[in-house]
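What follows is a single structure, written as structure tokens, with notes after it.
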Amino acid sequence: MEDDFRGFDIARRGYDRAQVDAYLARLTTSPASGAPPVFDIVRRGYDRAQVDARVEQLRSRG
């Protein structure tokens, strides 16, 4: 399966970029366990809908 992921848009109020980046880095090296994380909402963060969709995609990949 080819992955065309190109990153997230920056939103006026979105998820904390450092938190998302750290979680995605961990998710790519080890399987997901437990509930998805809750990220802080900050100014100029990642688009929430895009992050939620990407996290779900990676978690379901197993």
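Hey, could you check the range 9-18 for residues that are out of contact with any Asp or Glu (no Cβ under 9 Å at 6 or more places or on another chain) and among the charged types (D, E, K, R) and say which is surrounded by the fewest Cβ atoms within 10 Å (Cβ to Cβ)?
At the first step, the residues of the range 9-18 found to be out of contact with any Asp or Glu (no Cβ under 9 Å at 6 or more places or on another chain) are 12-13, 17-18.
Those left that are additionally among the charged types (D, E, K, R): 12-13, 17.
Working: Arg12: 8, Arg13: 11, Arg17: 16.
Restricting to residues being out of contact with any Asp or Glu (no Cβ under 9 Å at 6 or more places or on another chain) and among the charged types (D, E, K, R), the top hit is Arg12.
If we scan the range 43-61, do we find a residue that is surrounded by fewer than 11 Cβ atoms within 10 Å (Cβ to Cβ) and either part of a loop (DSSP other than H, G, I, E, B) or not basic (Lys, Arg) (or both)?
yes
Going residue by residue through the range 19-38, is there one that turns out to be out of contact with any Leu (no Cβ under 7 Å at 6 or more places or on another chain), surrounded by 12 or more Cβ atoms within 10 Å (Cβ to Cβ) and farther than 23 Å from Asp4 by Cα?
yes
Do any residues in the range 9-29 that are part of a strand (DSSP E or B) have Cβ atoms under 6 Å from those of residues that are among the basic types (Lys, Arg) and surrounded by fewer than 16 Cβ atoms within 10 Å (Cβ to Cβ), where the two are at least six apart or on different chains, and which pairs are they?
Ile10/Arg44
FYI, it's all coordinate maths here, none of it is from the lab. Predicted model only: the values in this text are computed from it and were never measured. When we count neighbours, we look across all protein chains shown, and the Cβ atoms used for this are built from the backbone with ideal geometry, even at glycine.
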